[in-house]
Amino acid sequence: MAKIIQESAGEAAGIIRQLLQLSKPDTGLPRNFDLSALVEETLLMTKFQIRESRSELRLRLPTGGIFVLADPAKMKQVVINLILNALQAMEDAKEPVLTVTVSRGAAGAMMTISDNGTGISPEFLGRIFDPFFTTKGPDRGTGLGLSICYSVVRQFRGEITVESQLGAGATFTVSLPEAAKEEKPQAVSAPLPPVVVPIGRETRVLVVDDEDVVRLLLQEMLRSLFGCHVDLASNGAEALALIERHTYDMVVSDIRMPVMAGTELYLRLRDSHPELLQRFVFITGHPGSQTMQDEIAQWDVPVLAKPFTSRKLSQVCRPLLVRPDRGAVPA
Ligand SMILES: Nc1ncnc2c1ncn2[C@@H]1O[C@H](COP(=O)(O)OP(=O)(O)O)[C@@H](O)[C@H]1O
Ligand SMILES: [Mg+2]
């Protein structure tokens, strides 16, 4: 799951880079990958839209891969753009059929995406790859899809062409030079997992954050890092109530929260529980105003910026949890 999440985040970043590339082409490092595997993966990503469109999917993939040298994130975006255009063109079709093929042709690796939708009228055929050319309403089309496809395919020394007749659907063909199948390079050594030193269940930590997901994630991370008990509060006021009832070894708190912010929680603890100030950690997705940043800087409290890794969390929290009366805990 983590790998999928990481890959998706990387893809999102890739899509943004692609938009930028239209105005300022970059020289993304091409990789050797199997085009048919990439097409299959992309179809999984668009499974929902294809099902919603009631289209029949006809998929023809070669046995054995067809390798190309390109940027896979960019190529995925090409496939997505072509599929979404096809589905949109078939919205009023009685029996929409989306045909996707990958094959080896005269021009190298070939991919075609065909639909039996509206087709393209001859006067528009020469313009559809132009940036901002669209026949769709402003809420539906940006006119960027095909120009991105064109720019990506050209970047990797390929061609994109279209064949269409009004009322008879459209077929887009992408060809890319075929690359030799490459042995998988040795996996880049994975980052070492954080050192897990059980600090123990007798240790009790309070996590304060107004976002459910962040709270649960922190609870999970802290439990697996330290084996400690983790309580949850969704704002400073809830945290204060819990602090009155239990003894905590550490408080990990978001800064901006409704009802009572983390900064106010910290100030309140100055009076009621000064011993906790040395075991207080701020986490934040947004540094907030400069004045607030300056103030926090004076308090000498660790501030952990989201998103952070488990390793980073461990580095910041471990020293606070290690107490002389428990003996030294290896770093
Ligand atoms: N499969 C298709 N069938 C019919 N027309 C298409 C198809 N793909 C693209 N077009 C035409 O090309 C235009 C430009 O496409 P695109 O660059 O993806 O922008 P957008 O989809 O935002 O309009 C579309 O508005 C449409 O008129
Ligand atoms: Mg489009």
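The table that follows gives values for the structure above.
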{"item": "10 Å-binned pair-distance histogram of the stretch 223-275 (Cα, whole percent)", "result": "23, 55, 21, 0"}
{"item": "Dipole magnitude of the stretch 29-176, debye to nearest 20 (Cβ charges: Lys/Arg +1, Asp/Glu -1, about Cα centre)", "result": "300 debye"}
{"item": "Convex hull volume per residue in cubic angstrom - Cα atoms of the stretch 29-176", "result": "109 Å³"}
{"item": "Protein accessible area in the stretch 29-176, 1.4 Å probe - carbon and sulfur %", "result": "53 percent"}
{"item": "Pairs from K136/K306; K181/K306; K3/K74; K47/K312 whose Cα-Cα separation, in the structure shown, is over 29 Å", "result": "K136/K306; K181/K306; K47/K312"}
{"item": "Set of aspartates and glutamates near K76 by C-alpha distance (under 13 Å), chain-local residues within fewer than 8 positions excluded", "result": "E7, E11, D34, E40, E41"}
{"item": "Eligible aspartates and glutamates near K94 by straight Cα distance, threshold 18 Å, same-chain separation 8 or greater", "result": "E52, E56, D115"}
{"item": "Where the stretch 29-176 is the region considered: accessible area per residue in Å², 1.4 Å probe", "result": "51 Å²"}
{"item": "Distance histogram in 10 Å bins (all Cα pairs of the stretch 204-321, percent per bin)", "result": "14, 53, 32, 2"}
{"item": "Whole-percent carbon and sulfur share, accessible surface of the stretch 204-321, 1.4 Å", "result": "52 percent"}
{"item": "Zone of W299's modelled label, taken as backbone nitrogen in the stretch 215-242 under 18 Å from a point 7 Å along Cα→Cβ", "result": "233-242"}
{"item": "Nearest-20 debye value, the stretch 204-321 charge dipole, Cβ charges on Lys, Arg, Asp, Glu", "result": "420 debye"}
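The values are calculated or read from the model by the stated rules, or taken from the named source; none is laboratory data. The shown structure was predicted, so the numbers you read here are calculated from the model rather than taken from an experiment. Note that each Cβ is placed from the backbone with ideal geometry, even for glycine, and that neighbours are counted across all protein chains shown. Accessible surface is based on the protein model in full, side chains and every heavy atom, while ligands, DNA and RNA are left aside. Shrake-Rupley method; radii C 1.70, N 1.55, O 1.52, S 1.80 Å.
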